[in-house]
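One structure is given here, and the rest of the page talks about it.
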Amino acid sequence: LGPSSPDDLFEGDLKDRAQVLAWLEDRALKERISPEDAAAEEEAAAKESQDQSSSSSDKEETTLFGKAYAETKVESESDLTNRLQREEAAVILAPFQAAPNVAVGKKLGELDGSGMVKAFACSFEGETSSKWRAFAYGKNAKAGAIGVFEDAESAYNAAIATTPSGDVSVIGGLQIEPFMQRSLTNPEAPPTGIVVFSVKDDVSVHVKALAKVLSATTGVPVAQCVVSDDNADDKELMNRMGVTKAPQVVAFHQQAAPEGDATQQPPGSVSLGLAHYDRRAFGPPTFRTLITFAQILLQQLDPNAAAALQDALLEDASAAGRRQAPSSSSGSSSGSSSSKKNAKP
């Protein structure tokens, strides 16, 4: 063994057990940790802190309906009454200590920001909080529940069945030209519109929501054009609009004529651009994906209208919806195709 430094020598009474233990403890605290061990300890502490932070974040974001939708907590009967009186959207009310339901949360998330349907959850026990309940759309329709249900899915279906379709123009093939004419020449809205080609006249809640929000924020109209595969005129119309099979969503908009092409167009005609909703880019059509499609189009045609639309979505969305809000800043038309046609406005 090498020589010891003065600090390593015990100068007390070896018979005094307390002194010996104190000296040994003090020396142990002064033991140097190797750089490698110190780095390992620091890395382990950082990882533990990160894991705790991640776990805490997950707990904050995960709600009764998963991460897709954040429900509104209701603290009492009077709190419920006050909230319902102020709410226009249809409402589903979760019972006290309801089991999580991610499937219904996904459906609520797909409509988040539309103002069509919202979810409340009871934080109190009582008769009202014992089962799932549904309340109809409209501020004057909340006097009582329209139904009491054993499960969230039934309550959700009952609630969305009360949502209005008044903002959607349900038309036939012969009415599409007048609809497009009004849309392109309306001075109070961007020169565009959206048509949903469908084989049925029942309007989905997602198309209702799209039309409601666009009408309130930008004035852009939405129509559902009912077509038949057996009708020759409908087939010809779909071919002109670039639709191979219904259902399909198509946006049309006025665009400048190509240079040198103005003399070739009939007097009073406009150059018509078409943008097709691409499922490969956006996925199945829901309110959230349809509104993103509309935002991308508006960002190119009227950035102010796109910004107004974005603000409205953020204002009406739940906390989860605001985190996932589609951005109007994208200037890309990814997922859409554009073609030019001459059409009478």
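The values are calculated or read from the model by the stated rules, or taken from the named source; none is laboratory data. For clarity, every value in this text was computed on a predicted model and none was experimentally measured. In this analysis, Cβ positions are derived from the backbone assuming ideal geometry, glycine residues included, and neighbour counts consider all displayed protein chains. Remember, those area values only see protein heavy atoms, side chains included, never the ligands or the DNA or RNA. Shrake-Rupley method; radii C 1.70, N 1.55, O 1.52, S 1.80 Å.
Brief remarks on what is shown
- Length-normalised contact order for the stretch 86-224 - Cα pairs under 8 Å, 6+ apart - percent: 24 percent
- For the stretch 93-207, the fraction of 1.4 Å probe accessible surface lying on carbon and sulfur atoms is 50 percent.
- Estimated distance in nm for a label pair at Ala307 and Asp230, the labels positioned 7 Å out from Cα along Cα-to-Cβ: 5.2 nm
- With all protein chains in place and ligands, DNA and RNA left out, the 1.4 Å accessible area ranks Ser198, Ser215 as Ser215, Ser198, largest first.
- Its convex hull of Cα atoms gives the stretch 163-247 a direction-averaged projected area, equal to a quarter of the hull surface, of 5.3 nm².
- Cα Rg over Rh - the stretch 122-212, Kirkwood: 1.15
- Computed extension gain for Asn239 through Asp278, at 0.36 nm per residue and net of the alpha carbon distance, reaches 12.4 nm.
- With semi-axes defined as the square roots of five times the eigenvalues of the C-alpha gyration tensor, the equivalent ellipsoid of the stretch 148-194 measures 36, 13, 7 Å, largest first.
- The stretch 96-151: C-alpha gyration tensor shape, a/c 1.5 cut-off, then a/b vs b/c: oblate
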